[in-house]
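Undergrad: Provided herewith is a single structure, encoded as structure tokens, for subsequent inquiry.
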Amino acid sequence: MNIAVVGFGNVGSAISRALARAGHHIFVGVRDDSEAKLASLEDLHGNITIHAMEEVADKAAVVVFCVVPTALSEVCKRVGPMERKLLVDTMNSLQTHPMGYSNTYEVLSDTYPCCQVIKAFSTTGFENILHPNFGGVAIDTFMAGGDREAKAIVRQLAKDIGFDECYDFGGKSEVDLLEELARIWVNLALYQGYGRLIAFKLVRK
């Protein structure tokens, strides 16, 4: 599958690498020449190519957004108009918010009303996205959004990366709940001292 990844920070890099490793073709959209040069210095998988943000939307049916919340509205202007695409929101508004919005999901839904938006890959560290296997145990991830077919695609992408399952939290009204799960991970990992190499796993009896 052709997938565009907008942003090449820690999360964008991890998702790009993980999906490329699974055989997908990744078109990374970067902000400027300095970010492009930084990306070119990394040992990238052969399935990853680097482009300007303005170029990537036309190359893929799935567009993954991995930028800081405060920059998202400007990034959307650069990416340009899109219709009938699956947009994946990996971002969390835990400390900063997009101007005029509560979270990034609202920005994407408002900016691209003809696209399906699914929030996913947002409740663990980038290290765990790149390597979601903990000593032979695959960790879980979670998603929220309104479209069943779009969720099925996101679930398959999660499994391609190596997650055991991508559990559905519900519709857009549960996006805030999903962000609270991310807040719990941040609290445990960074403030309670457990470190970033922790993750959530749903077990059943």
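Undergrad: So, in segment 12-25, exactly how many residues are surrounded by 23 or more Cβ atoms within 10 Å (Cβ to Cβ) and more than 14 Å from residue 158 (Cα to Cα)?
TA: Selection size over segment 12-25: 1.
Undergrad: Can you pull out the helices (runs of 4 or more DSSP H) entirely within segment 47-152 that have at least 1 residues that are among the aliphatic types (A, V, I, L, M), under 30 Å from residue 204 (Cβ atoms) and at pLDDT 95 or above?
TA: In segment 47-152, the matching helices (runs of 4 or more DSSP H) lie at 126-130.
Undergrad: Would you please name the residue that is surrounded by the most Cβ atoms within 10 Å (Cβ to Cβ), looking only at residues in segment 153-197 that are touching a residue at least 40 places away in the same chain (Cβ under 8 Å) and outside any helix (DSSP H, G or I)?
TA: Once the filter is applied, the top-ranked residue is 166.
Undergrad: Let me ask something else. Check segment 26-35 and report whether any residue there is acidic (Asp, Glu), assigned to a helix (DSSP H, G or I) and farther than 27 Å from residue 179 by Cβ.
TA: There is at least one residue in segment 26-35 that is acidic (Asp, Glu), assigned to a helix (DSSP H, G or I) and farther than 27 Å from residue 179 by Cβ.
Undergrad: From the set of residues in segment 26-37 that are surrounded by 14 or more Cβ atoms within 10 Å (Cβ to Cβ) and more than 16 Å from the chain's Cα centre (by Cα), which is modelled with the lowest pLDDT?
TA: Of everything passing the filter in segment 26-37, 36 is modelled with the lowest pLDDT.
Listed here are the residues, each with its yes/no results for (1) more than 13 Å from the chain's Cα centre (by Cα); (2) of a type in the set (A, V, I, L, M, F, W, C); (3) closer than 24 Å to residue 146 by Cβ.
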residue: 2; (1), (2), (3): yes, no, yes
residue: 10; (1), (2), (3): no, no, no
residue: 52; (1), (2), (3): yes, yes, no
residue: 62; (1), (2), (3): no, yes, yes
residue: 65; (1), (2), (3): no, yes, yes
residue: 68; (1), (2), (3): no, yes, no
residue: 73; (1), (2), (3): yes, no, yes
residue: 89; (1), (2), (3): no, no, yes
residue: 103; (1), (2), (3): yes, no, yes
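Undergrad: Give all pairs with beta carbons closer than 8 Å in which a residue from segment 81-92 that is on the phi > 0 side of the Ramachandran plot meets a residue that is in a loop (DSSP other than H, G, I, E, B) and not aliphatic (A, V, I, L, M); count only pairs at least 6 apart in sequence or on separate chains.
TA: What qualifies is 84/114; 84/115.
Undergrad: Sticking with this one: Give the residue, chosen from 151, 159, 172, 119, that is touching a Leu at 6+ places or on another chain (Cβ under 9 Å) and either farther than 30 Å from residue 45 by Cα or basic (Lys, Arg) (or both).
TA: On inspection, the qualifying residue turns out to be 119.
Undergrad: Between a first residue in segment 93-122 that is under 24 Å from residue 165 (Cβ atoms) and a second residue that is β-branched (Val, Ile, Thr) and assigned to a loop (DSSP other than H, G, I, E, B), which pairs have beta carbons less than 9 Å apart while being 6 or more apart in sequence or on different chains?
TA: Partner pairs satisfying both residue conditions: 104/67; 104/90; 119/90; 120/90; 121/90; 122/90.
The values are calculated or read from the model by the stated rules, or taken from the named source; none is laboratory data. Quick caveat: nothing in here was measured; it's all calculated off a predicted structure. Note that each Cβ is placed from the backbone with ideal geometry, even for glycine, and that neighbours are counted across all protein chains shown.
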